[in-house]
Structure formats: structure tokens, C-alpha cells
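Novice: Starting off with a structure, shown below.
Nothing in this text is a laboratory measurement; each read-out follows from the coordinates by a stated rule. None of these values were measured; they are calculated from a predicted model. Neighbour counts are summed over all protein chains in view; Cβ atoms, including those assigned to glycine, are modelled from backbone coordinates with ideal geometry.
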Amino acid sequence: MRGVMQKTALLVDYLNELQQIMQQHQLWQQQPPAESAFASQQPFAVDTMEATEWLQWIFIPRMLALIEADAPLPTVIAITPYLEEALKEHPHLPRLLVPIQKIEVLLTNG
């Protein structure tokens, strides 16, 4: 049980770290995208959201909802390749990838 609690606590820390990095680099939006953007059937909502919007409005809230509901967490997760492509020109990509990669390792190996 302790291992699950530690994993959950680490995941929350990494999600908070991601949010802080996004806020520090002015990537955190005050207003959500249009409601229709959330109806996307595409992976990462690529047809309706920017990568940083997806992180803020879908990924972080869904992960926190799973934690809150004490639901099973994903065990296969690969966000880094998408972000490396979608944000390849973004100057803060390396900073964004730090917590993302921690999350991927935690969920895949944890």
C-alpha cells in the first residue's frame, strides 16, 4: 500500500512541477479552449488543441481525476515523442520534458 501512496504522491508532485513550468514560461492559459475542442477523437486532440493546451486542459486534469477517484493509473504512456514533434521549435521544450519524462518513467516502471 505504501508503494501506491508514494507513487501517487510523486505523480502529483510531477504534475504540479509541469504546471509550474508552464506558468513560468507563459504557457498556462486563463481561459479554456472552445468546448468543441474537447470533443476531439484524435490522440492528444491534435486537430483541436495546441500541445500545451492538451497538457493543461486534458492531461493534467485527467491524471488528477484518476488519482482523486483512486482509479488505476495508465501503465503505458508516451507523451515525449508527441511533444518533441509538436513543440520542436519551442525554446522551453527541454524544461517541459523534464516532468513529463518523470511521469512516463513512474507510470511505466512504477
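Novice: Considering only the range 95-110, I want to know if a residue exists there that is without any contact (Cβ under 8 Å) to a residue 24 or more places away in the chain and either of a type in the set (Ser, Thr, Tyr) or buried (at least 17 other Cβ atoms within 10 Å of the Cβ) (or both). Steps first, answer last, please.
Specialist: Step one: list which residues in the range 95-110 are without any contact (Cβ under 8 Å) to a residue 24 or more places away in the chain, which gives 97, 101, 105, 109.
Now narrow it down to the ones that are either of a type in the set (Ser, Thr, Tyr) or buried (at least 17 other Cβ atoms within 10 Å of the Cβ) (or both): 97.
Yes, the range 95-110 contains at least one residue that is without any contact (Cβ under 8 Å) to a residue 24 or more places away in the chain and either of a type in the set (Ser, Thr, Tyr) or buried (at least 17 other Cβ atoms within 10 Å of the Cβ) (or both).
Novice: Condition check: in contact (Cβ under 8 Å) with a residue 24 or more places away in the chain, out of contact with any strand residue (DSSP E or B) (no Cβ under 6 Å at 6 or more places or on another chain) and closer than 28 Å to ALA9 by Cβ. Does ILE58 satisfy that? Before you say what the answer is, go through the steps one by one.
Specialist: Details: in contact (Cβ under 8 Å) with a residue 24 or more places away in the chain: no; out of contact with any strand residue (DSSP E or B) (no Cβ under 6 Å at 6 or more places or on another chain): yes; closer than 28 Å to ALA9 by Cβ: yes.
Criteria not met by ILE58.
Novice: Which of the residues belonging to the range 1-23 are within 16 Å of the chain's Cα centre (by Cα), exposed (fewer than 13 other Cβ atoms within 10 Å of the Cβ) and of a type outside the set (A, V, I, L, M, F, W, C)?
Specialist: GLN20, GLN23
Novice: Would you please name the residue that is nearest to PRO43 (Cα to Cα), looking only at residues in the range 73-82 that are touching a Ser or Thr at 6+ places or on another chain (Cβ under 9 Å) and crowded, with 16+ Cβ neighbours inside 10 Å?
Specialist: Per the stated criteria, the residue is ILE77.
Novice: Could you look through the range 63-110, keep only residues that are under 14 Å from the mean Cα position of the chain (by Cα) and basic (Lys, Arg), and pick out the one that is farthest from THR8 (Cα to Cα)?
Specialist: ARG95
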